[in-house]
Structures are given as C-alpha cells and as structure tokens.
Amino acid sequence: MEEAGHGSWTYCVDLAPEEGKRRTRRRGGFATRAEATREMKAVLNGELRGVYEDRRTTVASFLREWLDAKKEELAPNTYAGYEDCVERDLIPAFGQCRLPDLRPKHVDAWVAAQRKAGRGRVTVYRVVSTLRNALNHAARTWRLRYNPAKHSVPPKPRAGERTCWTPEEAAAFLRHNAEYYADRLSDVFEVMLGTGMRRGEILALHWSDVHLMDRKLYVRWTLAAVNNNGILFREPKTEASRAWISLSPRAMAALHRQAALQMAAHPDGRLEGLVFAKPDGSPLRPQWVLDQLRKRTAELNLPKIGLHDLRHTAASIMIAEGIPVAVVSKTMRHSTLAITINLYGHLLKDSADEAVTALCAALDQADSEAVHRADAAGGEGFRQAA
C-alpha cells in the first residue's frame, strides 16, 4: 500500500500465477487508505472464492460494456431493443448504483413503481428481462456472486389472440387492390396471402431466388428496419425459414406482372435486384407498406390487422380448409410442429370434432363387422349340428 501523488492511494498485490507466470494487480486513484485497503481485500477475497466484485463498476458502465459485447451476436432489431431498455429505463433507474450493491429489493421497487404508474406490462417485462440477461452474464463471468434480478422478472404477459381475416375478407381486400390500385403493393399483398411469407422475407426477395418455370421461390434473405430507420438485409433467423416455397397460380400471376413491368423498364430486359422495390430499385420501407395496408383496409371497413397478420390469415385459411396441421407447419416453415399448434391450436376445434367423429365411426364399424362375423359363425355351426 502506498500513497500516490495528488493525495490518492494505490494498492499492489500478487495473485496466483497462471501458466507459471506471475500476476500482479495494481490499482490506484483511491481517495483514502481505507478505501484502497477495502478494495485490495475484495480482490484477495475474490481470488479465493473465484468471484471478483469490482466496487468501482457502476451498473451503467457494466450495462454499456455488456451491450458492446452483445452487439456482434444479436440481430439488429434485438440489439436495438436491448439498447432502448438500457438507455431509457435501466441506466436512469439503477445506473449510479455500484454493481455489487444492486439488490433484489431495488429491482422489485422499480417494478412496483412502474405498475403503479400504469406502465405497460409488456414493456416492464422486457426491461426487467433485459436486466436479468445482463446480470446473468455478470454472474457467469464471476463479477457477481448472484443475479439480483433473477426472481424479479414479472410473469410474461400472454400474447393476445391475433386478428385473422376470413377467406371472404381476404379475397375482398385483394380484389379492391387489383381494381383500384393495381400497383406493386397489390402484388406484394397477393404473394403474402398466397404463400404466408413474412414481411421481411417478401421485401427482401430477389429475382435470383425466384424460379418462375418451376413455380417456386427460395427464401434466402430477410429485410430488417432498425428503429424504423436504417434498413439492412440479413439471413433468416432459423434454418427452417431458409426453404423453397411453392407458388399458387395467383402468386405466379402477381410475380409475372412485376416481371413484365421491370423487364420493360430495364434497357436489356433482364430481371435483377429486388422483386418488390421502389422505382430506383431501393427497398420498400416496412412502415410505408404497413401504412398502406391500414389505409386500404379502412377503405373496405375490414378488421384492422398488421402485416404479420397476413401470414396468420394464410395459415388460418389453410387450417379452415382442412389441410393437415403438419402440412401447414411445413408450408409456414416453422421449426417445429409444436410452434404451429401453439399458434393455431384454437383454430383446430372443428378438426378435433371431425377427428373424434371419425374415430367413433371407425370403432362402430369395426364393432358391427365383428358382430356380423360372430352371427355368421354361429349360424353355420347351427346348420352343421342339424
């Protein structure tokens, strides 16, 4: 322990060697000898227990450090959501607190205050979940003995049931687009409802992935709008999403219309770049597509839905038409059948009725045939005896 210049204190301590090499930790800038001594003891205690809680690390500095480390591995929209929670809520609430001093009671008090203020349950859940994820990293890397937010995350709110159009409503919407607009968005909506593609997938579709002769397209890219601002292309999240999609005659007709328009506008008649794009070839903005969907929906006084609800509408129509749920799952490119059942299980009520009716009919038929055989065998035995 020594007194450095400008009235500050520094400690220096030898730690256990690694790979035969000596390790020395030297830290300075402490205002008093007692503060430097306390920190040195914490280092030695941490070395003994395998956990080092640096009392000079604030929650704010740790959260920003965590965000920097996560930036490369997260999807842009996911990272933007984490960053928003950190900067908007977590740092103002806990940023000045030293990381080792954060306690469950602090997190619980914040949750209670947010609920009292009428904050949305989903928002509160996301904020505290972000804090829990960050502090899990601190505990895994031995910077905290435990995660103070581990048990403070409120229950995840149940997602509301999505609004889906009936086949009649969907057909009326497509007919309205074709008759009154007949533009590229009319074909966007036609292909989305005809294939169940996601918003990002349809807006990132390139002509190089469309095989009109084979009546198929391949999902290779998805478009992401970060905070409704920057636009970028990336690979789909799951392996199941990268797959071939069959095209119905209506979807084929929509793609042929776009092909004809772009070939006419291109000097050498080639198809390249995005299938659905602005006149200059740049991507359509997802928010603009959503605004147009809502505008055109309102013109027909149809139930208000979002772009992703077009995908749900496609799935619900398939289920209503009696398509096996396994086929629907494959068509929607879900990674597991369980996802399809969780999303659309409530739509399978009629299918379940049909299934048990068919089961009962099969049992009745088998029972009837067994009785018939028994009767026939008994009659034959009677004739032989006679």
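The values are calculated or read from the model by the stated rules, or taken from the named source; none is laboratory data. Bear in mind the structure is a predicted one, so any value in this text is a computation, not a measurement. Cβ atoms come from the backbone with ideal geometry, glycine included; neighbour counts cover every protein chain shown. These accessible areas exclude ligands, DNA and RNA; they are computed on the full protein's heavy atoms, side chains included. Shrake-Rupley method; radii C 1.70, N 1.55, O 1.52, S 1.80 Å.
Taking the listed residues LEU293, LEU302, LEU310, the one that is in contact (Cβ under 8 Å) with a residue 12 or more places away in the chain and either part of a loop (DSSP other than H, G, I, E, B) or surrounded by fewer than 19 Cβ atoms within 10 Å (Cβ to Cβ) (or both) is LEU302, with no other qualifying.
Here ARG270, ARG257, ARG285 are screened, and the one residue that is touching a residue at least 60 places away in the same chain (Cβ under 8 Å) and over 24 Å from the mean Cα position of the chain (by Cα) is ARG257.
If the condition is being assigned to a loop (DSSP other than H, G, I, E, B), of a type in the set (A, V, I, L, M) and at pLDDT 90 or above, then region 260-285 contributes VAL275, LEU284.
Taking every residue in region 145-156 that is within 15 Å of ARG98 (Cα to Cα) and pairing it with any residue that is open to solvent by 90 Å² or more (accessible area, probe 1.4 Å), at least 6 positions away or on another chain, yields no pair with a Cβ-Cβ distance below 7 Å.
Taking the conditions (1) in contact with a helix residue (DSSP H, G or I) (Cβ under 9 Å, 6 or more places away or on another chain); (2) loosely packed, with under 14 Cβ neighbours inside 10 Å in turn, ALA260 satisfies each one other than (1). Residues that are more than 16 Å from ALA149 (Cα to Cα), of a type outside the set (Asp, Glu) and open to solvent by 60 Å² or more (accessible area, probe 1.4 Å) within region 70-114 comprise LYS71, ASN77, ARG88, PRO92, GLN96, listed in sequence order.
Quick check on HIS176: is it over 22 Å from the mean Cα position of the chain (by Cα), open to solvent by 70 Å² or more (accessible area, probe 1.4 Å) and not acidic (Asp, Glu)? No.
Considering only residues in region 26-53 that are at pLDDT below 75 and touching a helix residue (DSSP H, G or I) at 6+ places or on another chain (Cβ under 6 Å), the one that is nearest to PRO100 (Cα to Cα) turns out to be GLU53.
For region 343-375, filtering for residues that are modelled with pLDDT under 75 and either of a type in the set (Gly, Ala, Ser) or in contact with a Leu (Cβ under 8 Å, 6 or more places away or on another chain) (or both) leaves 5.
Within region 238-255, one or more residues are farther than 22 Å from VAL328 by Cα and open to solvent by less than 20 Å² (accessible area, probe 1.4 Å). For beta carbons closer than 9 Å, sequence separation of 6+ or different chains, a first residue in region 200-227 that is in contact (Cβ under 8 Å) with a residue 60 or more places away in the chain and of a type in the set (Val, Ile, Thr) and a second that is in a strand (DSSP E or B) and open to solvent by 50 Å² or more (accessible area, probe 1.4 Å), the qualifying pairs are VAL210/LYS216; VAL219/TRP244; VAL226/LEU232.
Quick check: is even one residue across region 314-329 within 16 Å of the chain's Cα centre (by Cα), surrounded by fewer than 18 Cβ atoms within 10 Å (Cβ to Cβ) and touching a residue at least 12 places away in the same chain (Cβ under 8 Å)?
Restricting attention to region 314-329, the residues satisfying the condition of being within 16 Å of the chain's Cα centre (by Cα) are none.
Among the residues of region 314-329, not one is within 16 Å of the chain's Cα centre (by Cα), surrounded by fewer than 18 Cβ atoms within 10 Å (Cβ to Cβ) and touching a residue at least 12 places away in the same chain (Cβ under 8 Å), which makes the answer no.
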